[in-house]
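I have placed the structure first, in the form of structure tokens, so that the comments after it can refer back to it.
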């Protein structure tokens, strides 16, 4: 696929990635909304088992955002198709979102059961980390350009 063809085909791919991203954020937001509607922050703290694990989970999920490009590398060889580069980008994106989503759900569960306000803060941080990764056409174009340059080295 040529550079022009890949640029023209980015629109549907960006839309697909946006739908996936929105769905993952929406699921956490809806669960969090339900938990907050139950008045958990007005209830007394009940234990301290899940919340510390939630902190560890969030730290791992956030750190993994930097490890994913190392673990799922772009090919460094000439002649790699743009579709292959895009599939790598999409795979990294979904893995990153899934790690953040899982940790956000876990921290929402901790909030629901133990009522720590800082579990809510962690969920908000994780949702913001997911929003920061919102797919854009420019982001995909920059990734493709960088991947092509690295492959030609």
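Computed extension length for residue 46-residue 121: 25.2 nm, one decimal, from 0.36 nm per residue of separation with the Cα-Cα distance subtracted.
Applying 1/(1 + (r/R0)^6) with R0 = 30 Å to the Cβ-Cβ distance of residue 151 and residue 23 gives a FRET efficiency near 0.45.
Here the contact order of region 3-152, divided by its residue count and restricted to Cα pairs under 8 Å and six or more residues apart, works out to 39 percent. Over all Cα pairs of the chain, how is the pair count split among 5 Å bins, expressed in % and running from 0 up to the last occupied bin? Per 5 Å bin, starting at zero, the Cα-Cα P(r) for the chain comes out as 2, 9, 17, 17, 15, 11, 9, 7, 5, 4, 2, 1, 0 percent. Taking only Cα atoms, what is the 0 to 90° angle, nearest 10, from helix 10-37's long axis to the longest principal axis of the chain? Helix 10-37 sits at roughly 0 degrees to that axis. If the segment from residue 68 to residue 142 were pulled out straight at 0.36 nm per residue, it would be longer than the present Cα-Cα gap by 24.9 nm.
Helix 117-132 and the long axis of the chain differ in direction by around 10°, with both axes built from C-alpha atoms.
Throughout, read-outs are computed from the coordinates displayed, never taken from laboratory work. This is a predicted model, so every value here is computed, not measured. Cβ sites come from the backbone with ideal geometry, for glycine too, and all protein chains shown count toward neighbours.
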